[in-house]
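Heads up, the thing below is written out as C-alpha cells.
The values are calculated or read from the model by the stated rules, or taken from the named source; none is laboratory data. For clarity, every value in this text was computed on a predicted model and none was experimentally measured. Heads up, the Cβs are rebuilt from the backbone with ideal geometry, glycines too, and the neighbour counts pull from every protein chain shown.
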Amino acid sequence: MARITAGVGSSHVPLLGVAVDQGKTGDDYFGPIFKGYEWTKAWEKAEKPDVVILVYNDHASAFDMKIVPTFAIGCGERYKPADEGWGPRPVPDVEGHPDLAWHIAQSLILDEFDMTIINEMDVDHGLTVPLSMMFGQPEKWPVKVVPLAVNVVTYPVPSGNRCWALGEAIRRAVESFPEDLNVQIWGTGGMSHQLQGPRAGLLNREWDNRFMDQLVGNTDAARWIPHIEYLRETGSEGIEMVMWLIMRGALGKETRCLHRHYHIPCSNTAIGHLVLEPVEPEAA
Ligand SMILES: [Fe+2]
C-alpha cells in the first residue's frame with residue numbers, strides 16, 4: 001500500500017526561484033538560505049519519493065477573484081509553470097499522478113471534505129519554488145506531484161484545525177491506495193511576512209520558531225492557533241502557515257525532526273524549513 005513516509009515544511013518565496021533560475025544561489029545574500037536546504041537535497045536523493053502531495057497556494061495565477069476554491073486537488077496528467085508576469089519559470093513541467101489524485105479526491109470527499117477537482121491548471125511559484133529548493137535544476141522533476149491548493153489569499157481562509165483534520169484525512173486516503181508508493185507531503189508557504197500597509201516588512205523570529213517547535217513531537221497545539229494570532233504576530237501573509245498544518249496532520253500523532261533551518265530575511269519574509277518523519281506507535 002502507499003505510505004506517507006515524511007513531511008517537509010518550506011517557505012515558497014518567489015525570489016528563491018529567481019535565485020535558482022539566475023544562478024545566484026551561492027552569492028552572499030542567497031548562500032546562507034540555500035545552505036539550509038543542502039541536507040534536504042541529499043536526503044531527497046536517498047529517499048527517492050515516488051509522489052509528493054504538494055500543499056501550496058496559488059497567487060492569482062490559476063485562480064482569480066472569479067473562483068476561489070478553499071481546498072483544490074490537481075487530478076491532471078501534467079501542469080505547466082505559470083506565467084506570473086515575466087514569463088514562465090524555466091523549469092520542467094510538473095508530472096501529476098492522476099490515479100492517486102483521483103483516489104485521494106474520492107476518499108476525501110467521502111470523508112466529508114468537499115474538494116474542488118482541478119484537471120487543468122498552470123502552477124506558480126507556490127509549487128515550483130519548493131521543487132527547486134528540494135531538487136535543484138534537473139531536466140525532469142524526479143517525482144510525480146499531486147498539487148493541493150489552499151485558499152490563503154482571500155478571507156475567509158480555512159482554520160488551522162480544519163487544515164490539520166484535512167491532513168489526517170489525506171493520510172487515511174493515501175494508506176487506502178493499494179499500490180506500493182513512497183509518498184511525501186510538503187506544506188509550503190509562510191513564515192512571518194506582511195507585504196503591504198504600515199506593518200509591511202514585519203518579521204517575527206520568535207513566533208515562527210515556536211510554531212516550528214510545535215510541529216515536532218506529540219503536541220497538537222498548533223492546530224488551535226486562531227487566525228487573529230497569525231495576523232497579529234506574523235503579518236497579513238503569515239496565515240500561509242496554516243498550510244504547514246495539513247502536512248503535520250498527515251504525519252499522525254507524533255513526529256521526529258530530521259532537519260530544521262530558519263533564516264531572516266529573504267526578500268521581506270522569513271525563511272523556514274523543516275523535515276519531519278512520522279513516529280509510528282509500537283505494535284501492541
Ligand atoms: Fe505564497
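Filter the range 236-275 down to the residues that are more than 16 Å from the ligand (Cβ to nearest atom) and within 13 Å of the chain's Cα centre (by Cα), then identify the one that is nearest to residue 212 (Cα to Cα). Full working, then the answer.
Filtering the range 236-275 for residues more than 16 Å from the ligand (Cβ to nearest atom) gives 248-264, 274-275.
Okay, now just the ones that are also within 13 Å of the chain's Cα centre (by Cα), so 248-250, 274-275.
Working: 248: 10, 249: 14, 250: 16, 274: 8, 275: 10 Å.
The extreme case among them is 274.
For the list (1) at pLDDT below 95; (2) farther than 23 Å from residue 15 by Cβ, I need the number of the one condition that residue 176 fails.
Answer for residue 176: the failing condition is (1).
Show the residue pairs meeting these rules: Cβ distance below 6 Å; 6+ apart or different chains; first residue within the range 235-246 and at pLDDT 95 or above; second residue among the β-branched types (Val, Ile, Thr).
239/152; 239/157; 240/152; 243/55; 243/150; 246/55
Within the range 59-81, does at least one residue satisfy the condition of being surrounded by fewer than 19 Cβ atoms within 10 Å (Cβ to Cβ), closer than 27 Å to residue 216 by Cα and touching a residue at least 60 places away in the same chain (Cβ under 8 Å)?
Yes, the range 59-81 contains at least one residue that is surrounded by fewer than 19 Cβ atoms within 10 Å (Cβ to Cβ), closer than 27 Å to residue 216 by Cα and touching a residue at least 60 places away in the same chain (Cβ under 8 Å).
Quick one: is residue 111 surrounded by fewer than 21 Cβ atoms within 10 Å (Cβ to Cβ) and more than 16 Å from the ligand (Cβ to nearest atom)? Spell out the reasoning first.
On the way: surrounded by fewer than 21 Cβ atoms within 10 Å (Cβ to Cβ): yes; more than 16 Å from the ligand (Cβ to nearest atom): yes.
Yes, satisfied.
Would you confirm whether any residue within the range 156-179 is among the aromatic types (Phe, Trp, Tyr), in contact with a Lys or Arg (Cβ under 8 Å, 6 or more places away or on another chain) and farther than 23 Å from residue 226 by Cβ? Please lay out each step first, then the result.
Step one: filter the range 156-179 for residues among the aromatic types (Phe, Trp, Tyr), giving 164, 177.
Pick out the ones that are also in contact with a Lys or Arg (Cβ under 8 Å, 6 or more places away or on another chain) and you get 164.
This time we only want the ones that are farther than 23 Å from residue 226 by Cβ, so: none.
The answer is no, given that none of the residues of the range 156-179 is among the aromatic types (Phe, Trp, Tyr), in contact with a Lys or Arg (Cβ under 8 Å, 6 or more places away or on another chain) and farther than 23 Å from residue 226 by Cβ.
Give me the pairs, please: first residue somewhere in the range 10-25 and farther than 13 Å from residue 137 by Cβ, second residue anywhere and surrounded by fewer than 22 Cβ atoms within 10 Å (Cβ to Cβ), beta-carbon distance under 7 Å, and either six or more positions apart or on two chains.
Here the result reads 13/266; 13/267; 15/266; 15/267, each pair linking the range 10-25 to a residue that is surrounded by fewer than 22 Cβ atoms within 10 Å (Cβ to Cβ).
Cβ-Cβ below 7 Å, separation at least six or inter-chain, first residue in the range 185-199 and farther than 18 Å from residue 277 by Cβ and of a type in the set (Gly, Ala, Ser), second away from the ligand (no atom under 14 Å from the Cβ) and not in a loop (DSSP other than H, G, I, E, B): which pairs?
From the range 185-199, the pairs are 192/207; 192/208.
Within the range 1-58, restricting attention to residues that are β-branched (Val, Ile, Thr) and under 15 Å from the mean Cα position of the chain (by Cα), which residue is nearest to residue 176 (Cα to Cα)? Let's see the steps before the verdict.
Step one: list which residues in the range 1-58 are β-branched (Val, Ile, Thr), which gives 4-5, 8, 13, 18, 20, 25, 33, 40, 51-53, 55.
From what is left, the residues that are under 15 Å from the mean Cα position of the chain (by Cα) are 4, 8, 13, 40, 51-53, 55.
On the way: 4: 11, 8: 22, 13: 34, 40: 28, 51: 15, 52: 16, 53: 15, 55: 20 Å.
Here the residue is 4.
When only residues in the range 25-69 that are of a type in the set (S, T, N, Q) and away from the ligand (no atom under 16 Å from the Cβ) count, which is farthest from residue 264 (Cα to Cα)?
Our first condition is that a residue be of a type in the set (S, T, N, Q); within the range 25-69, this holds for 25, 40, 57, 61.
Pick out the ones that are also away from the ligand (no atom under 16 Å from the Cβ) and you get 25, 40.
On the way: 25: 16, 40: 19 Å.
For the range 25-69, the residue satisfying everything is 40.
Hey, which of the strands (runs of 3 or more DSSP E) in the range 38-134, taking only ones fully inside, have at least 1 residues that are under 18 Å from residue 162 (Cα atoms)?
On the way: elements: 51-56, 71-74, 78-81, 116-118.
In the range 38-134, the matching strands (runs of 3 or more DSSP E) lie at 51-56, 71-74, 116-118.
Just one of 9, 17 is in a helix (DSSP H, G or I) and within 16 Å of the ligand (Cβ to nearest atom); which is it?
Values: 9 fails: in a helix (DSSP H, G or I).
Answer to the check: 17.
Based on what the data block shows, is residue 188 within 23 Å of residue 165 (Cα to Cα), modelled with pLDDT of 95 or more, hydroxyl-bearing (Ser, Thr, Tyr) and more than 16 Å from the ligand (Cβ to nearest atom)?
Working: within 23 Å of residue 165 (Cα to Cα): yes; modelled with pLDDT of 95 or more: yes; hydroxyl-bearing (Ser, Thr, Tyr): yes; more than 16 Å from the ligand (Cβ to nearest atom): no.
Here the answer is no, as residue 188 does not meet what is asked.
Give the residues of the range 44-56 that are touching a Leu at 6+ places or on another chain (Cβ under 7 Å) and over 27 Å from residue 151 (Cβ atoms), sorted by residue number.
Our first condition is that a residue be touching a Leu at 6+ places or on another chain (Cβ under 7 Å); within the range 44-56, this holds for 50-51, 53-56.
Matches in the range 44-56: 50 only.
Of the residues 197, 235, 201, 252, which is small (Gly, Ala, Ser) and closer than 22 Å to residue 165 by Cβ?
Working: 197 fails: closer than 22 Å to residue 165 by Cβ; 235 fails: closer than 22 Å to residue 165 by Cβ; 201 fails: closer than 22 Å to residue 165 by Cβ.
Matching residue, one of 197, 235, 201, 252: 252.
Any residue in the range 85-104 that is within 16 Å of the ligand (Cβ to nearest atom), touching a residue at least 12 places away in the same chain (Cβ under 8 Å) and buried (at least 16 other Cβ atoms within 10 Å of the Cβ)? Outline the logic, then answer.
Filtering the range 85-104 for residues within 16 Å of the ligand (Cβ to nearest atom) gives 85, 89.
Those left that are additionally touching a residue at least 12 places away in the same chain (Cβ under 8 Å): 89.
Imposing the further condition that a residue be buried (at least 16 other Cβ atoms within 10 Å of the Cβ) reduces the set to 89.
The answer is yes, given that some residue of the range 85-104 is within 16 Å of the ligand (Cβ to nearest atom), touching a residue at least 12 places away in the same chain (Cβ under 8 Å) and buried (at least 16 other Cβ atoms within 10 Å of the Cβ).
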